[in-house]
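Trainee: I am attaching a structure below and will ask some questions about it afterwards.
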Amino acid sequence: MALISPFRGYRYNQEIVGDLSLVMTQPYDKISEELQQEYYRRSPYSVVRVTRSEEKNANPETDYAGAGGIFRGWVAQGILRQEAAPAIYAYWQDYEIEGERKRQRGFVALLDLKHVAGGILAHERTLDEPKMDRLRLMRATECNEDMVFMLYTDDRLVVNRILQERISGHAPDVEVKDDFGTRHRLWAVTDARAAKKIRDAMVPEELFIADGHHRFETSINYLKECEARAWKPAAPESFDSRMVTCFNSADQGITILPTHRLIRGLARLDVRAFLRASGQYFDIERLDSAAQLWESMKQVRGVDHGFGFYAGGGRRFYLLCLKEEAKVDPLMLAHAEVYRHLDVSILHTLVLDRLLGIDEAKLVAQAHVDYARDREASIQTVNQGKYQAAFFLNPTTVEQVQRVALLGERMPQKSTDFYPKLLTGLVFMKMEIFKPDALDTPGTGP
């Protein structure tokens, strides 16, 4: 069961901040230090100053006092203004991927955290450090500035039709183009009857967390903290709700990109020995170029379980395709069948763990493995000696994500890369909290 509701969001006051494209950013976990500095340069009102503050550069365990002060200052100064009426926000993304133009249509609303029951399904494992970091930020700001990307499936497209009817002929309240060419448009739909229809249509839906597992779990943890303090919601916008963005996977606008693995810090990685050992589980094809590897991976996609391997030194590329007998390896059989049919699970189980000794504990400690989207850039980093090897994956499908989540399994971290990302700064949810303890001050948190 998914209980969603409209809310009085805060949006940037364009009369003060000017060009909205200069104040909005990619999600915090996609912001490198270089991109962080670029966002800081673009505008003194960039949301990066809240969601990816420089405080963390100086102190990884910062309590984000500065970010909290900035956010409250923006509200007090009218840089962020609250909507006059509750709204569900229609959110359209127009983008191009591999030469195809696509549109992803969804909506932003509040999700009731106290009545989610089993209706919110996750598919990826989370790490404690990022959740603690986001919890410190939430304590300091008492807001949702970043969105959680949710999927649901309704073949009738009921919500999309309601939203399309309401926004037809109306200019968007926000329209910006991001650094990757995606056009983001947002409409505040304040019609109470439309909101009720959308709420009713979403009640029976199961929501799958597509992107934002750490943010969602952080909101649950913050809810528990606030309740332990006997704090109470003072408005519909409070700690017992979470700002989410919901997209219908039946609308055909969803794109998942693969996230590749870069290997570092192993005491020794002998490519010949690794390939010999891999032959126990995989049929191995040597290829002379990256282009040949990409084409071979495309051919096996959806037909066989295969991924690419590159280690730099010999300038050789390899396609590894799973042998039938390898599917009954004890490490594989420890998981549900749907998990065993994921390329990323096969890579983590048989290659990273079994052959390279990078087990779950090392992954949780963020040792030996980094993640990348760009294949060509990954090759360059290996050639430059920054990494020992790279493994290239085909994308996971939406259907696979949903099947894994329904069975209660969790994919390895960074198994999916939903594209395009949801812009941070489109709309904010500021929490209103009644705190019986008179010693509490705004922004200090539990």
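The values are calculated or read from the model by the stated rules, or taken from the named source; none is laboratory data. Values in this document were obtained by computation on a predicted structure and should not be read as measured data. No Cβ is skipped: glycine too gets one built from the backbone with ideal geometry, and neighbour counts run over all protein chains shown. For the accessible areas, the whole protein counts, side chains as well, though only heavy atoms, and no ligand, DNA or RNA atoms are used. Shrake-Rupley method; radii C 1.70, N 1.55, O 1.52, S 1.80 Å.
Trainee: In segment 206-258, what residues are in a loop (DSSP other than H, G, I, E, B), within 30 Å of Gln400 (Cβ to Cβ) and either open to solvent by 10 Å² or more (accessible area, probe 1.4 Å) or without any contact (Cβ under 8 Å) to a residue 24 or more places away in the chain (or both)?
Mentor: Across segment 206-258, the qualifying residues are Glu206, Gln252, Ile254, Pro258.
Trainee: Hey, could you check segment 270-297 for residues that are open to solvent by 40 Å² or more (accessible area, probe 1.4 Å) and assigned to a loop (DSSP other than H, G, I, E, B) and say which is farthest from Asp329 (Cα to Cα)?
Mentor: Checking each candidate, the answer is Asp288.
Trainee: Turning to a different aspect of this structure: Go through segment 10-46 and give me each residue that's part of a loop (DSSP other than H, G, I, E, B) and touching a Leu at 6+ places or on another chain (Cβ under 9 Å).
Mentor: Asn13, Met24, Gln26, Pro27, Ser43, Tyr45, Ser46
Per-residue answers, yes or no, for (1) out of contact with any strand residue (DSSP E or B) (no Cβ under 7 Å at 6 or more places or on another chain); (2) among the aromatic types (Phe, Trp, Tyr):
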| residue | (1), (2) |
| --- | --- |
| Val328 | yes, no |
| Lys362 | yes, no |
| Tyr371 | no, yes |
| Thr416 | no, no |
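Trainee: Just checking, which of Asp437, Asp353 is open to solvent by 30 Å² or more (accessible area, probe 1.4 Å), modelled with pLDDT under 95 and within 18 Å of Phe309 (Cβ to Cβ)?
Mentor: Only one candidate passes the filter, namely Asp353.
Trainee: Please state which one of Arg166, Arg136, Arg161 is open to solvent by 20 Å² or more (accessible area, probe 1.4 Å), under 22 Å from Ser46 (Cβ atoms) and in a helix (DSSP H, G or I).
Mentor: Residue meeting the stated conditions: Arg136.
Trainee: Can you name every residue in segment 380-401 that is of a type in the set (S, T, N, Q), at pLDDT below 90 and buried (at least 18 other Cβ atoms within 10 Å of the Cβ)?
Mentor: Thr396, Gln400
Trainee: For segment 259-317, what are the residues that are of a type in the set (Ser, Thr, Tyr), closer than 22 Å to Pro412 by Cα and touching a Phe, Trp or Tyr at 6+ places or on another chain (Cβ under 9 Å)?
Mentor: Passing the criteria: Thr259, Ser278, Tyr310.
Trainee: Name the residues in segment 50-71 that are under 14 Å from Tyr12 (Cα atoms) and under 22 Å from the mean Cα position of the chain (by Cα), would you?
Mentor: Hit for segment 50-71 is Val50, nothing else.
Trainee: Quick check on segment 133-145. Is at least one of its residues out of contact with any strand residue (DSSP E or B) (no Cβ under 8 Å at 6 or more places or on another chain) and either at pLDDT below 95 or acidic (Asp, Glu) (or both)?
Mentor: Taking every residue of segment 133-145 in turn, at least one turns out to be out of contact with any strand residue (DSSP E or B) (no Cβ under 8 Å at 6 or more places or on another chain) and either at pLDDT below 95 or acidic (Asp, Glu) (or both).
Trainee: Take the residues in segment 57-95 that are in a helix (DSSP H, G or I), open to solvent by 50 Å² or more (accessible area, probe 1.4 Å) and within 30 Å of Phe418 (Cβ to Cβ), then tell me which one is modelled with the highest pLDDT.
Mentor: Ile70
Trainee: Continuing with this model, one more query. I'm told Ala377 meets every condition in (1) in contact with a Leu (Cβ under 7 Å, 6 or more places away or on another chain); (2) open to solvent by 10 Å² or more (accessible area, probe 1.4 Å) except one. Can you identify the failing condition by its number?
Mentor: (1)
Trainee: Related question: Filter segment 35-55 for residues that are open to solvent by 20 Å² or more (accessible area, probe 1.4 Å) and either at pLDDT below 95 or within 14 Å of Trp74 (Cβ to Cβ) (or both) and give the result.
Mentor: Pro44, Tyr45, Arg49
Trainee: While we're here: Within segment 186-202, how many residues turn out to be open to solvent by 50 Å² or more (accessible area, probe 1.4 Å) and either touching a Leu at 6+ places or on another chain (Cβ under 6 Å) or in a loop (DSSP other than H, G, I, E, B) (or both)?
Mentor: Residues that pass the stated criteria total 1.
Trainee: Can you tell me how many residues in segment 169-185 are farther than 26 Å from Ile70 by Cβ and open to solvent by less than 10 Å² (accessible area, probe 1.4 Å)?
Mentor: Counting residues in segment 169-185 that are farther than 26 Å from Ile70 by Cβ and open to solvent by less than 10 Å² (accessible area, probe 1.4 Å) gives 1.
Trainee: Hey, another quick one. Looking at this structure, is Leu3 aliphatic (A, V, I, L, M) and either crowded, with 19+ Cβ neighbours inside 10 Å or without any contact (Cβ under 8 Å) to a residue 40 or more places away in the chain (or both)?
Mentor: Considered against the rule, which asks whether it is aliphatic (A, V, I, L, M) and either crowded, with 19+ Cβ neighbours inside 10 Å or without any contact (Cβ under 8 Å) to a residue 40 or more places away in the chain (or both), Leu3 comes out as no.
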